[in-house]
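Just below is one structure, and these are the notes that go with it.
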Amino acid sequence: MKKYICKKCGHIVHSASKVNPINWTDKHSCVFITEEVIFLFLDDLRESGITNMFGATPYLQEDLELTFEVAKENLINWMKQFGKDKEA
Ligand SMILES: [Zn+2]
């Protein structure tokens, strides 16, 4: 199972296969990206040393086309997971 996240509203779907865009009645369409892709992007960004990770939000917005809210939330999740990996 992979965790798919809408780039625009942060809606989460857990699925083993690719998730098709969901069209809502309010005309919003969910465009999904996997959490895995976001985390790998953040790993690379960290290794590149381009930015302090607290400044990573604009990179997520620009390169992965996430909204500010979705970028911020995933950055926090990535930081939590990063901490866990280090302890293990
Ligand atoms: Zn959405």
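What follows is calculated from the coordinates using simple rules that are stated; it is not laboratory data. Given the structure is predicted, the values throughout are model-derived calculations rather than measurements. Glycine also receives a Cβ, built like all others from the backbone with ideal geometry; neighbour counts cover every protein chain displayed.
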Checklist entry - Once phi is turned into θ = phi - 60°, what whole-Hz ³J(HN,Hα) does the Karplus curve with 6.51, -1.76 and 1.60 give for every residue of the stretch 45-51, x standing for Gly and Pro? => result 4, 4, 5, 5, x, 4, 9
Item to check | Packing-based exposure ordering (other Cβ within 10 Å, fewest first) of ILE76, ILE5 | outcome: ILE76, ILE5
Checklist outcome for this item: Residues whose built amide H sits under 5 Å from the amide H of LYS2, excluding neighbours closer than 5 in sequence, are SER15, ALA16
Checklist entry - Around LYS3, what is the net charge, scoring Lys/Arg as +1 and Asp/Glu as -1 over all other residues with Cβ under 9 Å from its Cβ? => result -1
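Please state the shape class of the stretch 2-87: rounded when a/c is under 1.5, otherwise prolate if a/b exceeds b/c and oblate if not, all from the C-alpha gyration tensor.
prolate
Taking 8 Å as the Cα distance limit and 6 or more residues as the minimum spacing, I'd like the relative contact order of the stretch 2-87 as a percentage.
Rounded, it is 27 percent for the stretch 2-87.
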